[in-house]
Amino acid sequence: MCGVVGYVGTRNAVDTIISGLSKLEYRGYDSAGVAVPDNGDFLIVRAVGKLDNLRKALKDVKTTATAGIGHTRWATHGKPSETNAHPHKSTHIALVHNGIIENFSELKTELLGLGYKFSSDTDTEVLAHLTEEYYKTNSLLEAVRLTAARARGSYALTVMSAREPDKIVATRRDAPLLIGIGSGEYMAASDIPAALDITRDFIRLEENDLAELTRTGVKLVNKDGRDVHREPFHVDWEPEMAEKGGFDTFMLKEIYEQPRTIVDTMRGKIVPDEGKVFFGEFDGLVPSIDKLERIVLLGCGTSWHSSLLGKLFIEKYAHISVEVDTASEFSHRELPLNKNVLVIGVSQSGETADTRNALRLARARGAVIAAICNVVGSSISSEADYVIYTHAGPEISVASTKAFTSQALTLFLLALWLGEKREKVDSKTTSGLLLDLLRIPDKIKQLLDNKDEIKRIAEIYKDTKNFMYIGRNFTCPIALEGALKLKEISYIHAEAYPAGELKHGPIALLDDSFPVMIFAPDIKVQEKIFSNMQEVKARGAKVIGVFSERNRANFPACENQIFIPDCDKEEMTTFLTTIVAQLFAYYSAQALDKDVDKPRNLAKSVTVE
Ligand code: AGP
């Protein structure tokens, strides 16, 4: 996610802004920039890569400005480059933005018709020119308010005019923005850490609020331009704590981000009432969809697990056969491919060498290559013919959490999109499923609110040496993902199997020292998985059962049970059982005092084979 800063006060603006941006680096970015008023215009300096590159570019810049705006960019539209870096400028207006403007194309067409010239590939630039247009006949605050009213999508903005060098206007929708309240100095910022140098008192802007910052104070209005009051609050976090949003670890922060990242992943892709899914990025595939023989999904680790879920979704709704392979094994196969086979690489980082090399091999054998990635401009996304971005924001913790649910969701939406193009699923069915999806964020929040029960159970088993995870159908990949999470952060050995496989060998492992986590929320397979539960209990193994709320009145006796909110469709339970698996692994590792964010032997992105 991008980092936004706007400062007005008495300190050197460039130094203060760069320091603020440095506290937002944890959000991940690929370019940065700063703008300060300069003799009736702006001095704007931008640089690709890390903040040090911006510092180098500023080395010989002399400015005494005590107001300005700054930005660290996480590319969503347009690759990382100096021209795409923020701030973006119009005649008198300079602006930085975090978020995604869904209707930027139509706004750009309108502005081009008004004679505005564009210099970047970003969605953000339309906001600078539109504000400029409204600024011709309105105050800066009003011009930003009118611009925000026209924009669809998410934004956190700080805006300046060269004509009013002592004023910053800030506004937000679906992206965080706070106002740091200093003494004669104020900072609008994406997150608390950026402003801790100047204050520990903040105002959190509410949706569509606008703020006008000058040295004399902060004026707040709502989307209708009416004055509003927002209660200031005080934080006593140390900066490092603040980067984690008050959470102990990035992993827990990222687990808790999932209600929002689920929404961000869907943003701009669905119209639930009409049962529509849009993947403009894949439109080039439409003419050849009827000739599509099969799809191959490739990934590693967690991305392999989400691919296994994607297979089940796509086969169910698009009625096309899907093959899944670990990218490393795919490379050894003599698999016949051709232009009627779509090979999709799934990767959070977009830099995993196994996945990148497997895709290159698939292309060499004639397949069409696509990618589902979280990082814009990454190697895998740059080399693919078609790319869908998951927009989960940077994932800092080595153990992947929010990327998994965003990948699974993207693959679910792809299944519906393919199903519609192949006339295998009607809009009424799609509409019902999309409306179910919209309920998932609240169901995840319910689960997160009940985390203490999962924590309590994890602490009971923290000294266990071995764990078995089992599931059936949609929860089989969840068993694999849950076992991986436990292994990689608590170092407890964990096996995962399809529940039906146990009797074919693995059940020999079980006794009272080998507990079993059983994912059993799905009605369709409940009878079979309940009998699997009896099988493992008969061997003396302790069972942690994961059930749907509807089972609270009647579920097979087991040592411990965790309940997830009911879902009408079994595929929806995957987003909830994932949260259980993530939290169970997290609290197991915490109970063992492990370094959750940086587990031994692991790297966040495995860029070597
Ligand atoms: C998951 O928790 C691990 N960190 C690891 O398995 C990861 O999913 C795998 O290395 C693939 O990474 P990618 O999604 O960035 O390609």
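Starting from the Cα-Cα distance between residue 512 and residue 102, subtract it from 0.36 nm times their residue separation and give me the gain in nm to one decimal.
Details: separation 410, 0.36 × 410 = 147.60 nm, distance 5.46 nm.
Taking residue 512 through residue 102 to full extension adds about 142.1 nm, to one decimal.
In whole Hz, with x marking every Gly and Pro, tabulate ³J(HN,Hα) for the range 305-312 from phi via Karplus 6.51 cos²θ - 1.76 cosθ + 1.60, θ = phi - 60°.
After applying 6.51 cos²θ - 1.76 cosθ + 1.60, I find 5, 5, 5, 5, 5, x, 4, 5 Hz.
Viscosity 0.890 mPa s, temperature 25 °C: give me the Stokes-Einstein translational D for the chain in µm²/s, with Rh taken as the Kirkwood radius over C-alpha pairs.
The calculation lands on 96 µm²/s.
Compute the distance in nm between two label points, each set 7 Å from the Cα along the Cα-to-Cβ direction, one at residue 456 and one at residue 55.
For residue 456 paired with residue 55, the spin-label model returns 4.9 nm.
Rounded, prolate or oblate: which one fits the range 68-112, using the alpha carbon gyration tensor with axes a ≥ b ≥ c (rounded when a/c is under 1.5, else prolate when a/b beats b/c, else oblate)? Spell out each step's value before the answer.
Details: a/c = 1.81, a/b = 1.19, b/c = 1.52.
Oblate, since a/c reaches 1.5 and b/c is not below a/b.
Which ³J(HN,Hα) values in Hz, rounded to whole numbers, follow from the phi angles of the range 434-448 under the Karplus curve 6.51 cos²θ - 1.76 cosθ + 1.60, where θ = phi - 60° and Gly and Pro get x?
These are the phi-based 3J(HN,Hα) values: 5, 5, 4, 4, 5, 8, 4, x, 5, 5, 5, 4, 4, 5, 5 Hz.
Please compute the length gained on full extension between residue 503 and residue 201, using 0.36 nm multiplied by the number of residues separating them and subtracting their Cα-Cα distance.
102.7 nm
Once the Cβ-Cβ distance between residue 286 and residue 435 is put in as r, and R0 is 35 Å, what FRET efficiency do you end up with, to the nearest 0.05?
FRET efficiency, residue 286 to residue 435: 0.90.
Sorting 586, 389 on the 10 Å Cβ count, fewest up front, what's the list?
389, 586
Take the Cα atoms of the range 18-65, build their convex hull, and give its volume per residue in Å³. Mind showing how you got there, number by number?
Working: hull volume 3.5 nm³, N = 48.
Roughly 73 Å³ of hull volume per residue.
Lysines within cross-link reach of residue 339: Cα-Cα under 29 Å, excluding same-chain residues under 8 positions apart?
79, 269, 276, 291, 311, 316, 421, 424
Mean separation of Cα pairs under 8 Å and 6+ residues apart, divided by the residue count of the chain: what relative contact order is that in percent?
Averaging sequence separation for qualifying contacts and normalising by length gives 11 percent for the chain.
Taking each pair of different alpha-carbon atoms in the range 126-272 once, compute 1/r for the pair, average those values, and report the inverse of that mean as the Kirkwood hydrodynamic radius in Å to one decimal.
Across the range 126-272, the inverse of the average 1/r is 16.5 Å.
Spelling out what I want: for every residue of the range 598-604, take phi, set θ = phi - 60°, compute 6.51 cos²θ - 1.76 cosθ + 1.60 (Karplus), and round to whole Hz; glycine and proline get x.
After applying 6.51 cos²θ - 1.76 cosθ + 1.60, I find 10, x, 4, 6, 10, 10, 5 Hz.
Which of 253/537; 56/117; 485/604 have a Cα-Cα distance over 24 Å?
253/537; 56/117
Under 20 Å from the Cα of residue 428, which aspartates and glutamates turn up, not counting those fewer than eight places away in the same chain?
Partners found: 273, 274, 315, 420, 436, 568, 570, 571.
Once R0 is set to 22 Å, what does the formula 1/(1 + (r/R0)^6) return for the Cβ-Cβ distance between residue 278 and residue 319, expressed as a FRET efficiency to the nearest 0.05?
0.60
We did not get these values from a lab; they are worked out from the coordinates using the rules stated. What you see is a predicted model, and the numbers here were worked out from it, not measured in a lab. Note: ideal-geometry Cβ built from the backbone for every residue, glycine included; neighbour counts use all protein chains shown.
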